Amino acid sequence: MTRQDTTDHGRNAVEVRGLVKHFGDTRAVDGIDLDVREGTVMGVLGPNGAGKTTLVRILSTLLRPDAGTATVAGYDVVRQPRQLRRTIGLTGQYASVDEKLSGWENLYMIGRLLDLPRPAARKRADDMLERFSLTDAAKKPVMKYSGGMRRRLDLAASMIGNPRVLFLDEPTTGLDPRTRNEVWTEIKHIVADGNTVLLTTQYMEEAEQLAGELVVFDQGKVIAEGRVAELKARVGGRTLEIRPADRGEVHRVVGALAQAGLDGTAGATADEKRGVVAVPIISDEQLTAVVGLLAERGIALTDLSTHLPSLDEVFLAITGQKATHLAGENETEEVAA
Amino acid sequence: MSTTTESPESPVSAESPAKDRTPPEGVADEGRIGLRNNLRHIGALVRRNALQIKHDPESMMDVLMMPIIFTLLFVYVFGGAIGGGGAGGDRDAYTNYLLPGMMAMMGLNISMAVGTGINEDFRKGVMDRFRSMPIARSSVLVAKCVVEVGRMLVAIVVLLTVGFMVGLDIDGRWAGMLAGVGLTTLFGASLVWIFMVVGLTMRTAQAVQGISMLVMMPLQFGSSVFVPTGTMPGWLKAFTDVNPLTHVADASRGLMLGEGAVAAPVLWTVVWSVGLTAVTAPIAIAQFRRKT
């Protein structure tokens, strides 16, 4: 196991051993081991159908595993579901709030279901709406909320009971970039308060923004795990895309980079079709050096851009092949929207 | 990230309900939900359903319109013809015969809607939240049942109001009427559980609707709800005699009109209601638990 590092002094908030769940012939979760230390954020990265949601549903007692064990806050998901439910918060892929009720009514109801006395439930609903910047929309039915507002309300609802472990199942899937940032900000606040979070996502960028450690799922199996920084190094982190003014010069650019022997530039590849050269970025110094080199050689450029690896590229880097279920992604996303 | 770095105890976590929910050290946490908590949970969920109605008043249309339309339809379209036949002479006599039976019909029709309701509810994320919270899973269903009984009572009030306007005459038997209403809602509540089982079993709301209609039609018309069973052929009469709807209708009729037997149909109604609930409620709750 790669994760037994020296800083490990906290208890595990989530412990999963040999977990299996199949639906008919499909093994949605196929022998997963996973530890989430208290007060940390674990990201679970994978395409649709990789088993992320199934894992979250098992950990939140919505599904029974077929084999293996899992505990949350020390409670077994099968034998102690009632105790376990007192310790968790769940924000699903589909907004888990009542659409017909207003934001305030939703939060008040959840407070009451968590045994808060009426005045405390009222206050908590007010406080949470304010904390998640929803006070103005408090009385509006959730049906009229925007996608980002819904997710924020969903987060607020999950935080009402101050859960020891928070499960976030694809909290920003289907959101536009601006709204995504909005939700990330709220999640970062939650994380800063020292909560334990297990987050599933399809976006490397999201994992990088929010999680400290990461496991990568494919077809119900863990195919990679480690600190986000380590994995980033493995998958190449950011990529620099260079677009020469003359498409024909892509090979000249690659040649120049190879010749100069700069760090990491050996991995540079030319894409003739798009007329770009992709260079894995290892450090900021390297970035500067590459730009400097190109200027020195007098190569005219029309575009320079950096981007994070897509899930596709992560999978390519880790497994050497395309993610298995990526093809069906769009259909499922539409349902979620 | 910068705004909340002052202390791990943010203002939000200051009065942490988590503290109350964590058992004291050394005490075995069985995770049991006490009766008082359970009632509070049911109350909060009933409130949820009531608020849904408040935000979406159209969902009460069936409850308000069905009794009016059916009463007018049966009294004025069929009443004269049927009343002239075997039900005692005229339209007014038929109105008296019909209204207690219609109460039973309201119980059936309104409880039927719970099947589609719960089936649709299940498609929504909010059910996942309820099911992952420390509440008894049965409380979601019990709350639904309470709300349906409330809707049933509204329908019966509308029905009786229309009934009195078109000539229902109970000759001052108010206590009998209340007893009839009570029995009808008791029976209606037991039907709610049956339709919950249907709603939780079928995959789609349309299928629920279809099955519910199949159950409802023979029960409703193969009974003494609309006409006395005297003219029916023997095989059909054998069915209507055991049909619980016949007992419910006859019980209310006896209590409200002072005609016919009272004790036997009242007893049968109670037996059916308790029996149906005892069998179907645990099935519904078990299915709800298992449903993913």
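Per residue, chain A reaches -11000 deg cm²/dmol at 222 nm when only DSSP H runs of four or more residues are counted, each adding -39500 (n - 2.57).
Does the stretch B:212-263 come out rounded, prolate or oblate, given a ≥ b ≥ c as the square roots of the eigenvalues of its C-alpha gyration tensor, rounded meaning a/c under 1.5 and, failing that, prolate meaning a/b above b/c? Cα axes put the stretch B:212-263 in the oblate bin. Compared with the dominant Cα axis of chain A, that is its longest principal axis, helix A:177-192 is turned about 60°. Relative contact order, whole percent, for the stretch B:137-272 stands at 28, derived from Cα pairs under 8 Å and 6 or more residues apart. Of all DSSP bridge pairs formed entirely within chain A, close to 65 percent run antiparallel. Our summary gives the stretch B:35-290 a relative contact order of 26 percent, counting only alpha carbon pairs under 8 angstrom and 6 or more residues apart. The value of relative contact order for the stretch A:119-222, using C-alpha pairs under 8 Å at least six residues apart, is 24 percent. Straight-distance candidates among the lysines for linking to A:LYS273, with alpha-carbon spacing under 29 Å and chain neighbours fewer than 8 residues away dropped: A:LYS232, A:LYS322.
Note on the stretch B:35-290: dipole from Cβ charges, positive end direction compared against B:SER111, B:PRO218, B:ILE53; the farthest Cα belongs to B:ILE53. Residue pairs exceeding 29 angstrom between C-alpha atoms, taken from B:LYS54/B:LYS124; A:LYS188/B:LYS124; A:LYS123/B:LYS291; A:LYS139/B:LYS291; A:LYS123/B:LYS54; A:LYS21/A:LYS100: A:LYS123/B:LYS291; A:LYS139/B:LYS291; A:LYS21/A:LYS100. Using Cβ point charges alone (K and R +1, D and E -1), the dipole size of chain B about the Cα centre works out to roughly 660 debye.
Dipole magnitude for the stretch A:238-307: computed about the Cα centre from +1 point charges on Lys and Arg Cβ and -1 point charges on Asp and Glu Cβ, it is near 200 debye.
For the protein assembly as shown, the antiparallel share of DSSP beta bridges with both residues in that region comes to about 65%. Take the Cα pairs of chain A, get the Kirkwood Rh, then feed it into Stokes-Einstein at 25 °C and 0.890 mPa s and tell me D in µm²/s. D, rounded to a whole number, is 112 µm²/s. Here the protein assembly as shown is assigned +1 on the Cβ of each Lys and Arg and -1 on the Cβ of each Asp and Glu. Its dipole about the Cα centre then comes out at about 1600 debye. As a proxy for reagent exposure, ranking B:ASP121, A:ASP218, A:ASP303, A:ASP126 by other Cβ atoms within 10 Å from fewest up yields A:ASP303, A:ASP126, B:ASP121, A:ASP218. If the viscosity is 0.692 mPa s and the temperature 37 °C, what translational diffusion coefficient in µm²/s does Stokes-Einstein give for the stretch B:115-264 when Rh comes from Kirkwood over Cα pairs? Diffusion coefficient, whole number: 187 µm²/s. Hydrodynamic estimate: the Kirkwood radius of the protein assembly as shown over Cα pairs, inserted into Stokes-Einstein at 10 °C and 1.306 mPa s, corresponds to D of 56 µm²/s. Built from the Cα atoms of the stretch A:238-307, the convex hull projects on average onto 3.9 nm², one quarter of its surface area. Dipole of the protein assembly as shown computed with +1 at Lys/Arg Cβ and -1 at Asp/Glu Cβ about the Cα centre; of A:HIS251, A:LEU45, B:VAL208, farthest Cα towards the positive end is B:VAL208.
Dividing the helix sum by the residues of chain B, where each DSSP H run of 4 or more adds -39500 (n - 2.57), gives a mean residue ellipticity at 222 nm of -23500 deg cm²/dmol. Ranking A:GLN83, A:VAL97, A:MET128 by Cα position along the charge dipole of the stretch A:79-133, where only Lys, Arg, Asp and Glu carry charges on their C-beta atoms, puts A:GLN83 farthest toward the positive end. Arranged from fewest to most other beta-carbon atoms within 10 Å of their beta carbon, B:PHE187, B:PHE130 become B:PHE130, B:PHE187.
Values quoted throughout were computed directly from the atomic coordinates according to the rules given, and no laboratory measurement underlies them. Predicted model, so just to flag it, every value in this text is computed and none were measured. Cβ: placed from backbone, ideal geometry, glycine included. Neighbour counts: every protein chain shown.
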